[in-house]
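First comes the structure, then the notes that go with it.
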Protein chains: 2
Amino acid sequence: MTDSEYRDIRQLNLFAQMADEHFTALMRGAYVQNFPAQIELITEGEPGDFLHIVISGSVDLFSAWNGRDTSMATVRPVSTFILAATIKDGPYLMSARTLEKSRIALIPSQDVRAIFDADSDFARAIVTELAQCYRSVIKAQKDLKLRTSLERLANYLLRQQRHAGGGTEFELDFEKRRLASVLGMTPENLSRAFKGLQPYGVTVTGTRITIGNQADIEHFAKPNPLIDDFST
Amino acid sequence: MTDSEYRDIRQLNLFAQMADEHFTALMRGAYVQNFPAQIELITEGEPGDFLHIVISGSVDLFSAWNGRDTSMATVRPVSTFILAATIKDGPYLMSARTLEKSRIALIPSQDVRAIFDADSDFARAIVTELAQCYRSVIKAQKDLKLRTSLERLANYLLRQQRHAGGGTEFELDFEKRRLASVLGMTPENLSRAFKGLQPYGVTVTGTRITIGNQADIEHFAKPNPLIDDFST
DNA sequence: GCAGTCGCTTGACATTTATCAATCCATTTG
DNA sequence: CAAATGGATTGATAAATGTCAAGCGACTGC
């Protein structure tokens, strides 16, 4: 692990406040590996032996049942994933695969649990992180249960726009087939949904989105902080 | 609060291991109140000033957007709800209403956060509880995204059957309109879904369910521990 | 450069789910 | 007891969403 990677990890909310000694201990036990694209890092159901950190690249969390599968989330650098399985010492509930060439750090779950007991700042950070994750999933659940696919897409675009700086033009940050899966629809339907947003001034060219009329699309999407804000 | 209620709360996973002194301090600051049925205890968006504990009765957690609403979960005695808002010191993401006459304890969120810092056993219990909650929502999300409404109902019935002891006959534990909302469908569709399960040996009389052919319904439902087991 | 691959789009169609209206049925209430 | 209420059911219909098949277009690799 390079010094700069080490510092990036140290600056994550999860690790920022803990004692140097404990952070060093965690990092000493960590493995860092480079993976090519499309490698399955984790298979759901396996024991959650490692806390994962994406240092670079990106990772898709997905799940399968009865021949179907769905993307649950995308993890981008620098952040951790599957903290809950680590804490509960339970099986992974989601599988994970690299979307591109990625660098991943693996910290043994045992170490995380041991240092949780020894470092109260780390304990507090873990609690905050878990609460944040929980609330994110609750929001996703509300999005799914309360909105149609067209509304989900519209609100996704507004979130993405804000994330990209708020300009009228921005890029989708992943391929459409996976966006469709994240939004809980088929790729065919996503195509049609983009067309369905044209009357509200949304135009799409490849991965480039243009919001032609901010008021129109917002009036349609009705974004709500209790569903769409990252922070709350 | 009666002695027996006090003991019931003490025995919750969240409070079982903490120091007596700290538990007593939490309880000293708590309010206990009786509410009639159909009272809105919490409105989403308000600051999460209290950790709630259902002592008796039951509470529906729900959310609304753009004129629609959906039940997210039902809380039954004895357990806590909206721990995450308490921890994050953020707004409630869900509203809560009593389903029947209920007795509720309210613990100021500040107290919870203060004692979290002072009692490492309590801190550990909170982390475990949050991880559990997170994983439950992930499972609910998989249920919603990977299954049709008929499949969700079939798996719900199997879970409920197991929860009721595993016999061929058992009772639904809440009214159908709300079951429909929890499962993400309309009451009309739930009615039809019950009919749709008849070919698999499921019969319904009021709130009483009979599983006529265990193998048949399981073959259709394909329950999966990573979606349907409470514990994992 | 060109064949092959893969993702995206489109159209036709099927399935699933929601909506609306009417009715049934059990429970409550006067 | 009768009327009223509210949930449950049913049927007819509409809307949303998925499936299948075909074609387009960009990128990849020989």
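See the values below:
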{"quantity": "Position residue B:207, label points 7 Å along Cα→Cβ, spacing to each other copy in nm (shortest first, one decimal)", "calculated": "5.3"}
{"quantity": "Charged-residue dipole, Cβ positions (Lys, Arg, Asp, Glu), region A:148-228 about Cα centre, Debye nearest 20", "calculated": "180 debye"}
{"quantity": "Extension reserve of the residue A:2-residue A:148 stretch, reckoned as 0.36 nm per residue once the Cα distance is removed", "calculated": "48.0 nm"}
{"quantity": "Region A:1-43-region B:1-36 distance, computed between alpha-carbon centres (Å)", "calculated": "39 Å"}
{"quantity": "Sparse-neighbour loop sites [trypsin sites (Lys or Arg not before Pro); region A:36-110; at most 15 other C-beta within 10 Å; DSSP]", "calculated": "A:101"}
{"quantity": "Three-way shape call for region A:85-232 based on the alpha-carbon gyration tensor, with the a/c threshold at 1.5", "calculated": "prolate"}
{"quantity": "Residue range of chain A that is longest and free of GluC sites (Glu not before Pro) which are both DSSP loop and sparsely packed (at most 16 other C-beta within 10 Å)", "calculated": "A:1-99"}
{"quantity": "Within straight-line cross-link reach of residue B:139, lysines at Cα separation under 27 Å, skipping those fewer than 8 residues along the same chain", "calculated": "A:88, A:139, A:142, A:145, A:176, B:88, B:176, B:195, B:222"}
{"quantity": "Computed over region A:132-175, Kirkwood Rh from alpha-carbon pairs, angstrom", "calculated": "11.5 Å"}
{"quantity": "Neighbour cut-off at most 12 other Cβ (10 Å), DSSP loop, trypsin sites (Lys or Arg not before Pro), region B:143-186", "calculated": "none"}
{"quantity": "Alpha carbon convex hull of region B:155-232, projected area averaged over orientations, nm²", "calculated": "4.9 nm²"}
{"quantity": "Computed magnitude of the charge dipole of the protein assembly as shown (debye, nearest 20; Cβ of K, R +1, Cβ of D, E -1)", "calculated": "1580 debye"}
{"quantity": "Region A:3-144 - Rg (one decimal) and Dmax (whole number), Cα, Å", "calculated": "14.9, 47"}
{"quantity": "Per-copy distances of the residue A:29 label point, shortest first, in nm (7 angstrom along Cα→Cβ)", "calculated": "3.3"}
{"quantity": "Cα-based helix-to-principal-axis angle, A:149-163 vs chain A, degrees rounded to 10", "calculated": "60 degrees"}
{"quantity": "In degrees, nearest ten, helix A:120-146 long axis to first principal axis of chain A (Cα)", "calculated": "20 degrees"}
{"quantity": "Packing-based exposure ordering (other Cβ within 10 Å, fewest first) of B:98, A:24, A:128, A:232", "calculated": "A:24, A:232, A:128, B:98"}
{"quantity": "Residue (of B:144, B:1, B:220) at the positive-pole extreme of chain B, dipole from beta-carbon charges", "calculated": "B:220"}
{"quantity": "Rounded Å value of the spacing that divides the Cα centres of region A:165-232 and region B:109-188", "calculated": "31 Å"}
{"quantity": "Exam field: residue A:47 pseudo-label spacings to other copies (7 Å along Cα-Cβ), nanometres", "calculated": "4.5"}
{"quantity": "Dipole axis of chain B (+1 Lys, Arg; -1 Asp, Glu on Cβ), positive-most option in B:67, B:106, B:134", "calculated": "B:67"}
{"quantity": "Burial ranking of peptide ranges B:111-117, B:190-196 (average Cβ count within 10 Å, highest at the top)", "calculated": "B:111-117, B:190-196"}
{"quantity": "Region B:19-74 - percent relative contact order, Cα under 8 Å, separation 6 or more", "calculated": "19 percent"}
{"quantity": "Cβ neighbours within 10 Å from other chains - mean over A:78-87", "calculated": "3"}
{"quantity": "Chain A: relative contact order in percent, alpha carbon pairs under 8 Å with at least 6 residues between", "calculated": "19 percent"}
{"quantity": "Lys, Arg +1 and Asp, Glu -1 on Cβ, resulting dipole of chain B about Cα centre, debye, nearest 20", "calculated": "840 debye"}
{"quantity": "Crossing angle, helix A:109-118 versus chain A [Cα axis fit, 0-90 degrees, rounded to tens]", "calculated": "70 degrees"}
{"quantity": "Hull shadow area, averaged, the protein assembly as shown [alpha-carbon convex hull, nm²]", "calculated": "22.9 nm²"}
{"quantity": "Relative contact order [Cα under 8 Å, 6+ residues apart], region A:120-232, whole percent", "calculated": "29 percent"}
{"quantity": "Mean residue ellipticity (222 nm) of the protein assembly as shown, computed from DSSP H runs ≥ 4 via -39,500 (n - 2.57), nearest 500", "calculated": "-13500 deg cm²/dmol"}
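Coordinate-derived values only; no laboratory data. This structure is a prediction, so every number in the text was calculated from the model and none was measured. Cβ: placed from backbone, ideal geometry, glycine included. Neighbour counts: every protein chain shown.
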